[in-house]
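No lab work stands behind these numbers, since they all come straight from the coordinates. As the structure is a prediction and not an experimental result, all values here were calculated from the model. Here the Cβ is made from the backbone with ideal geometry for all residues, glycine too, and neighbour counts use every protein chain on show.
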């Protein structure tokens, strides 16, 4: 049990670190939007950078949700077909727990980052 708790704490710390790194990169430059849009134009990407970034992030979140659904169905089938074997049942339970923990951590990091950017930096939550 201690091993599982330490793994959850490690994954949470990594997700928090990744969120903080992205926040730091956005806050460090004087005008990041202007510089990033100029970089996008230089490599041939026309349009609003924030729209492109939002589209990419939503695509990644959608892909992760599909992967989560596949993992949950697979774990359910493992459990269903275990026929009372404790090792297969344990494997299915672990798969359910870890896939759920991963999705929860991912969406929490997205929510915290969204809240920080739009509430603290731009004061625009819900508008």
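Just how many % of Cα pairs in the range 54-110 lie over 13 Å apart, if you round to the nearest whole percent?
62 percent
So how much slack lies between residue 86 and residue 101, counting 0.36 nm per residue of separation and subtracting their Cα-Cα distance, in nm?
Taking 0.36 nm per residue and subtracting the Cα distance, the gain is 3.2 nm.
Packing-wise, with mean Cβ within 10 Å as the measure, how do 73-81, 97-105 rank, highest first?
Highest mean packing first, the order is 97-105, 73-81.
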